[in-house]
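Okay, so here's the structure we're looking at.
Each value in this text was obtained by applying a stated rule to the coordinates, not by laboratory testing. All values derive from a computational prediction rather than experimental measurement. Cβ placement follows ideal geometry from the backbone for every residue including glycine, while neighbour counts extend to all protein chains displayed.
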Amino acid sequence: MKKLYYFYLLIIPSIFISCATISNNNNPPYSYPDKLIKTINVGSGPVYVKTSKDGNYIYVSNNFSKSISVIKQSDTAVVKTIPVGNNPNGLAISPDGKYLYVANYGDDNVYAISTSDNTVVDTFYTNDVPHSVVVLPNNKYIYITNTVVDTFYTNDVPHSVVVLPNNKYIYITNMESDNVSVIRISDGSLVKTISVGDSPREIISLPSGEYVYVCNLGSNTISVINTSDNTVSSTIQTGIWPHGLAYIPNGNMLYITNERSNDVSVINTSNNTSLFTIPVGNNPKCAVSLPDGKYLYITNRYSNSISVIDLSSNAIVKTLSTPEGPHGITCSPDGKYIYVTNYYNNSISIFGY
């Protein structure tokens, strides 16, 4: 079966840095963050972004400069640059907020950083090419895409990981072998290997844990796995190259970014049927919804924009301009700010009210 690979050209343009500061307005004039407040210079090739549990700090992985930029939210400035391994990529905050985990896929390891003083306190060695990190709610284990820390072994090129809400099983997509490994956390045993579509990438669980959804980038489908018997109960057609997933619990809706067809597929998870698509920008990558579930933000990497979707109408209500190459996206815990990494611009943009 033919595998799909794609590469990105690094462009280093000038950095625009705004002189504005974040307002602490408790009564914003708009219902969603839509104003560019500031663009901050970070390292080279920023990919992913996370906020601290209290929202006071923002962490950015800089893929080419081997560093993490730490930004203080109150003054929107980089307060520290932490040297890490080669090609830092995925980020995860521990449930208690005490540690930031960084997957260094160039070194096959994961760094643990203390958020109290932003220093590296531990290193976990893995197998080949760790990409992203997930920390279990019990704060006892970390899981890394493209490998699992010294315990669980899967098939070819594991890519993404999801932990069921019951904290008993993890599901790992294996990009080369076109399947999903199901692993029991208590003893690390392989429970089952489930065949899915071609080149599976991102994976997400419903809050109930009843179903798991897998993006099959190579076959333009979503595989729906019933976790009660670990079988594929449904296969849903999407746009071209499905990549990112965002679940909206207040409407039982799953939103999938399609990189090559430049749209978002919307699926009703109550009956696993495809409802419609929403055209967005060029090469949509990642998605995040506000905590209240009213708006969805989509990064469009090649059109240098963010599509803001009103989830009550599933219509784009605004398109926000960004510097070059918006990729990773997250929001503050209170939903007042949106943080976006600009891969080709070596910066992060902050949007607010």
Lys and Arg at +1, Asp and Glu at -1: neighbours of Ala287 with Cβ under 15 Å from its Cβ sum to 0
Candidate cut points under chymotrypsin sites (Phe, Trp or Tyr not before Pro) in segment 30-90, DSSP loop plus at most 13 other Cβ atoms within 10 Å of their own Cβ, are Tyr30
Expressed as a percent, the portion of alpha-carbon pairs in segment 177-318 spaced more than 20 Å apart is 45
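Listed here are the pairs Lys50/Lys98; Lys72/Lys285; Lys50/Lys285; which of them are more than 18 Å apart at the Cα? Don't skip to the end; give the middle numbers.
Values: Lys50/Lys98 14 Å; Lys72/Lys285 26 Å; Lys50/Lys285 16 Å.
Among Lys50/Lys98; Lys72/Lys285; Lys50/Lys285, the Cα-Cα distance tops 18 Å for Lys72/Lys285.
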Ordering 98-105, 321-328 by per-residue average of other C-beta atoms within 10 angstrom, highest first, gives 98-105, 321-328
The alpha-carbon center of segment 296-330 and that of segment 41-98 are separated, in whole Å, by 22
With x for Gly and Pro, the residue-by-residue ³J(HN,Hα) of segment 326-343, computed from phi through the Karplus equation 6.51 cos²θ - 1.76 cosθ + 1.60 at θ = phi - 60° and given in whole Hz, is x, 10, x, 8, 8, 10, 5, x, 8, x, 7, 9, 10, 10, 10, 7, 10, 4
The long-range amide H neighbours of Lys66, using H built 1.01 Å from N in the peptide plane and a cut-off of under 5 Å, are Asn87
